[in-house]
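Worksheet: the structure to be examined is printed underneath.
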Amino acid sequence: MSQPERRLVAWFLYVAMLALSIGATLGPFQALEHAGINLYPYLAPFIRSYYQGLSIHGVFNVLVWTTFFISGFLTFATMSGLKHPLYSLKLGWITFWIMIAGIGLTGWALFSDNATVMFTSYPPLKAHPAYYLGLTLVVVGTWLVSANIFLTYRAWRRDHPTERTPLATFGALATFVMWDIASLGIAAEFLTLLIPASFGITQGTDPLLARAFFWFTGHPIVYFWLLPAYVSWYAMVPKQAGGKLFSDPLARLALVLFIPFSIPVGLHHQFTDPGISEAWKMVHAALTFVVFFPSALTAFTLLASLENAGRARGGRGWFGWFFKLRWDDPAVAAQVLAMLLFAAGGVSGIINASYDLNLMVHNTAWVPGHFHLTVGSGVTLTFMGISYWLIPYLTGRKLWSRRVALWQAWTWFAGMLLLGRGLHWLGLLGAPRRTMLGAAAYRALNPEWGLPSLLVGVGGGILAVSLYLYLVEMAATIWFSREPADIEVPEAEAVSGPEHAPFLLERWRVWIGAAVVLTAIGYVPTVVQLLAHFNPVASLRVW
């Protein structure tokens, strides 16, 4: 990989870390507020309200941090896996600056308090046009990243017509194939509903149609965040842990199944919405449970791979292998801990997918408890673990302090355990989400919220410490580390290799066709019905 290509990847990661430093800094303020300690007055005039802070926290963490890291990491995984230069370095930099312009517009709207609509952007709340235009540019940027990756793959495939695609690159392709389809929902919502309303071109927006478009993308985006973590877990962690991937074909099957199964599931977020038939809610509930199948394949394959590594290092007995993993390597420790937290979040996700159980926790603190263990842990802690070897590889500078990195991984794990437990507990007690619980007038009527709120506050405080350990580690590695890094890109060998995988898994047209068919079945009747009963509501301007 050339030095200019490394520089492009590195700058995507740098911007991702900057976004995390902004968004995650506000997280502990929300956690402490739940525990009855409101520090938001001390943030004035930069942050004027809890809800402005919550909007910034959501957008910069789950949209900007993840998208920039994924764009850089999967571009790297493609080039590294194929041993082939990027199709167009110029296109890569054009894409980067388009996305920078996008977060500039969105960031201005958020920090000027012109877009306090939270990251779901639900109408009839109406943000400044700059907010929607900025996020649109970020989405367009992801399409350009995917185009560069696809063109790089096509150039490689011309020279290697019969070879199996390297696993890391295969995962990158599967991620962007799925995302390019899934992102059409948010594009439709922004271009046809939210942007025209924000400019005053239309007098109102149909909230139900907007929510349907949003969740067309809003649930699959979870897999846009998650599949890059799977790329690392499958293609790199077994090597780093000292063993082999259990099955390359199982890994490919799990990755490719997310293309058709992860998109037509969004209506399970709308179980309580009127105007959507119960039959289609049931269809989406069933498909949501189907998407657990590739997740189950992943759990089996990863456990077998980690056991292989632990036993190769002398582990004995049923669980002795677990303690023989390379816990002294922060890249391994962070990602294995991320897997454990993600497993806990996946269990709570089954509750969300079940119609009857969902009605008990819908719009409660249970929901942020779930996604803090998934995107906030399974994804974010994995990305942190990846950066502990990738940043030294890109910069040529050795990681500044392995001890600090290890402390960071374990404190994130501990903080998320407490925060996630507290939020789930609050949800079961009926505490609403998106709410200043500490200042709520009905707080005194619910004394049982006290202990779980304390867990949320303590967990948030520990996460604040962990965040700054991570940022200090990265900054010191980039700017102050002087010892050269001696790092190779980890490429896991497999017990059952790619030669055992049927070539059908690389017939992308088959999987794209299956995704189109399932998506049409899951969404076309609902969208047609909503368009037939289009009911615009006057927008509520927030600036």
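What follows draws every value from the coordinates through simple rules; no lab data is involved. Note that the structure is a prediction, hence the values are computed from the model and not measured. Every residue, glycine as well, gets a Cβ built from its backbone with ideal geometry; the counts of neighbours run over all protein chains shown.
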Whole-Hz Karplus couplings 3J(HN,Hα) for region 316-328, θ = phi - 60° and coefficients 6.51, -1.76, 1.60, Gly and Pro as x, run 10, x, 5, 10, x, 4, 4, 7, 8, 5, 7, 6, 7
For residue 324, counting only aspartates and glutamates whose alpha-carbon sits under 14 Å away and dropping same-chain residues fewer than eight positions off, the answer is 307
Treating only Lys and Arg (+1) and Asp and Glu (-1) as charged, each at its beta carbon, one finds that region 412-500 has a dipole about its Cα centre, in Debye to the nearest 20, of 960 debye
By the DSSP-based rule, helices of the chain that are at least 24 Å long along the axis (C-alpha) and have a mean Kyte score of at least -1.0 are 3-34, 89-111, 129-159, 292-312, 330-353, 402-428, 450-479, 508-532
Given 84-96, 476-488, the highest-first ranking by average Cβ count within 10 Å works out to 84-96, 476-488
Dividing the mean separation of Cα pairs under 8 Å (6+ apart) by the residue count of region 125-247 yields a relative contact order in percent of 32 percent
If every Lys and Arg gets +1 and every Asp and Glu gets -1 at its Cβ, then about the Cα centre region 1-145 yields a dipole, in debye to the nearest 20, of 340 debye
The relative contact order of the chain, taking Cα pairs under 8 Å that sit 6 or more residues apart, comes to a percentage of 21 percent
Output ordering of 128-135, 69-76, 231-238 (per-residue mean of other Cβ within 10 Å, highest first) is 231-238, 69-76, 128-135
Partner lysines whose C-alpha sits under 25 Å from that of residue 83, ignoring same-chain residues fewer than 8 away, are 239, 244, 398
Note on the chain, DSSP bridge orientation, antiparallel percent to nearest 5 equals 50 percent
Per the rule of 0.36 nm per residue minus the C-alpha distance, extending residue 538 to residue 441 adds in nm 32.0 nm
Burial-style ranking of 98-108, 520-530, average other-beta-carbon count within 10 Å with highest first, yields 98-108, 520-530
Once the dipole of region 388-543 is set up from charges on Cβ (+1 Lys and Arg, -1 Asp and Glu), the residue from the list 435, 511, 529 lying farthest towards its positive end is 435
Between (i) 26.5; (ii) 22.9; (iii) 23.7, the structure-derived Kirkwood radius over Cα pairs in Å is (iii)
The farthest towards the positive end of the charge dipole of the chain, of the residues 230, 125, 53, given +1 on Cβ of Lys and Arg and -1 on Cβ of Asp and Glu, is 230
Going fewest to most other Cβ atoms within 10 Å around each Cβ, 283, 265, 458 line up as 458, 283, 265
Hull surface over four for the Cα convex hull of region 390-446, reported in nm², is 6.2 nm²
By the C-alpha gyration tensor axes a ≥ b ≥ c (rounded if a/c is under 1.5, else prolate when a/b exceeds b/c, else oblate), the shape of region 1-154 is prolate
log10 I(q)/I(0) for region 200-337, Debye formula on C-alpha points only (no solvent), q = 0.13, 0.14, 0.15, 0.18 Å⁻¹, two decimals, reads -0.67, -0.73, -0.79, -0.95
With -39,500 (n - 2.57) per DSSP H segment of 4 or more residues and division by the full residue count of the chain, the 222 nm estimate, nearest 500 deg cm²/dmol, is -22000 deg cm²/dmol
